[in-house]
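Contents: one structure, followed by commentary.
Every read-out reported here was derived from the displayed coordinates using simple, explicitly stated rules and does not represent laboratory data. Quick caveat, the model's predicted, so the values are computed rather than measured. Neighbour counts run over all protein chains shown; Cβ positions are idealised from the backbone, glycine included.
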Amino acid sequence: MDNQNNVKLKRVLGFNATYGAAMGLVVSGTAMFSVTQVAGQSSYAVWITGIFGLIPIVCAALAFSELSSMLPGGGMISDYTNPALGRFWGTLAVLGTYVLLAAADGSTQMAMSGYSLQNITGIPAIVTSLAFLVICLLINIFDVGIYGKVAGILPIGMMIIYAVLAIVGALGVGEAMGVAKPVNGSFLPLGGWGAVFGAVGSSIWWYIGFENCCPMAEETKEPYKVIPRALFAALFSIYVIDIIFSYASLKYTDIGTLLNSGISHIEGAKAMMGIIGGSVMSLITILASFTTANSQLAALPRMFYGLSRQEQLPKCFGYIHPRFRVPIYGTLLCFLLMFVCTIYICFKGGTADIMNMFINIVCVAWLGCYILAMLDVIVLRKKYPDFPRLFKVPCYQGVFAIGILGSLFAIYTISNWIMFTLGWLLIVVVFIIVWNKAKKRPLNEVSKLEDAVVMIRERTEYLPVWDEAVVEWLKKRNAM
């Protein structure tokens, strides 16, 4: 046997690394922008909006905790969905959400970094936005090693700076320095409680991507313990930091600015801490937006590669460039999607409305993905009741009923954008149907949980407790 086939991923990651991965997107440009947008819509009742947005997210986190403890491997939603609901739904979950994420959020991140730099230098946003995007493409093709080393440190550093900025702003340090002046504000916005609850769907964007630590399950020590702890610690941290920043922004920023500016989080930081706050937040936004968009440009082509290897996408997406060692066609397609959307955003002036439109379109799709994860747990409980679950959601039927209803309510509050998302999903559905017909494959082939378990055991290091439990389970299944 080739020695390469015997190499297994090491289980070396602990709580800190997993927490960082779950926490990472809190400092993306669009996430911080969304914080001040929701604050503008909800006023000082924003903490209530954030809690109601957190409810379905906590239910989804419970679902991902159980799923990753069952299958501590790659952890993409398709890995969980294939043995639960079938290949059709697994493919739809990946193409329906991650392509939208790269195209819509990736481009919004690029535009956000461009407008942030324009705020400092006056250089037109479209110039710097497209320049940043081209740099991301070159990094992903030529694999600039030093960037990879810096990128691992940047999110943690930016998260700390963002938290410090929020705290000193809320404590009135800028006011004491004479660079901030309180503005009048009320607990409820002009729209009353209807506006408070109407912003729930937008607040979902604060937490989107928390499950990013699940793909690290195969390199995590005791993932059935570490991942649930990291998920809930990250969600709690995100909520607290965002509420503190919201409070400081509302205290010192005109509500109209928070609602209408395409860089409202920078305006909020400037209002609470003067030019220092505005400059720091601009720098964070540029770095965070660049890092996030670059990661998306790296991740999506590799998802295409995996789907192509499973014959769920055309062979060209499985082609690795012999010199650059990257899935070149997937990378170029992802770049093209982000390029077109970035031009459109800048053409529209980078307003709050256009930024929110792109964010909410992705948010609808992602909430659908979270609903799918909750359904996966329910179905797997029914199909494999005796499977060893080292993390088990208590009262799962009630929990997921709340989670699914909460997700549907959140979608309802941003339903102005649902037709855009449904239009994209319809295109994906048609593709999946046509592709499977052309390949003469079952439209919704359901894989066996046993196969997924065996594959994880073959490619990863020994996992105490889980390994013994699943070996015993496999013996019982084989004896049946």
Can you tell me the 0 to 90 degree angle between the C-alpha axis of helix 396-413 and the longest principal axis of the chain, rounded to 10? 40
Under the helix-only model (-39500 (n - 2.57) for each DSSP H run of 4 or more, divided by the residues of the chain), the mean residue ellipticity at 222 nm, to 500 deg cm²/dmol, is -24000 deg cm²/dmol
What whole-number distance in Å separates the alpha-carbon centres of the stretch 66-87 and the stretch 283-347? 23
Along Cα→Cβ, 7 Å out, is where each label goes; now give me the distance between the ones at A401 and A479 in nm to one decimal. 3.7
Too long for a 29 Å Cα-Cα cut-off, among K10/K439; K221/K475; K221/K439; K315/K475, are K10/K439; K221/K439; K315/K475
Correct response: the longest run of the chain lacking exposed trypsin sites (Lys or Arg not before Pro), defined by DSSP loop and at most 10 other Cβ within 10 Å, is 1-322
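Note down the Stokes-Einstein diffusion coefficient of the stretch 111-245 in µm²/s, whole number, using a Kirkwood radius over alpha carbon pairs, 37 °C, and 0.692 mPa s. Show your work: numbers first, answer last.
Values: Rh = 19.1 Å.
Stokes-Einstein gives a translational diffusion coefficient of 172 µm²/s.
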Radius of gyration and Dmax over the Cα atoms of the stretch 430-480, both given in Å: 16.2, 44
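V454 to K437: extension gain in nm, 0.36 nm per residue of separation minus the Cα-Cα distance? Please list the in-between numbers first.
Details: separation 17, 0.36 × 17 = 6.12 nm, distance 2.92 nm.
Length gained, V454 through K437: 3.2 nm.
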Karplus-derived 3J(HN,Hα) from phi for the stretch 319-332 (6.51 cos²θ - 1.76 cosθ + 1.60, θ = phi - 60°), whole Hz, x at Gly and Pro, runs 7, 9, 4, x, 8, 8, 6, 10, x, 5, 6, x, 5, 5
So how much slack lies between S415 and E472, counting 0.36 nm per residue of separation and subtracting their Cα-Cα distance, in nm? 15.8 nm
Based on the Cβ-Cβ distance from L283 to K392, what FRET efficiency comes out when R0 is 60 Å, to the nearest 0.05? 0.85
Pairwise label distance in nanometres, V465 with F324, each label 7 Å out on the Cα-Cβ vector: 4.4
Stokes-Einstein translational diffusion, the stretch 255-390 - Kirkwood Rh over all Cα pairs, 0.692 mPa s, 37 °C, in µm²/s: 176
Roughly how many nanometres apart are two label points built 7 Å out from the Cα toward the Cβ at M177 and E445? 6.1
For F335, F347, F33, what ranking results if the residue with the fewest other Cβ atoms within 10 Å of its Cβ goes first? F347, F335, F33
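Using a Förster distance of 25 Å, how high is the FRET efficiency between I275 and A131, based on the Cβ-Cβ distance and rounded to 0.05?
Details: r = 25 Å, r/R0 = 1.00.
Using R0 = 25 Å, I get an efficiency of 0.50.
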Viscosity 1.306 mPa s, temperature 10 °C, Stokes-Einstein D of the chain from Kirkwood C-alpha radius, µm²/s: 69
Using amide H atoms built in the peptide plane, which far-off residues or other-chain residues are under 5 Å from L13 H to H? T220, K221
Within straight-line cross-link reach of K476, aspartates and glutamates at Cα separation under 20 Å, skipping those fewer than 8 residues along the same chain: D386, E450, D451, E458, D467, E468
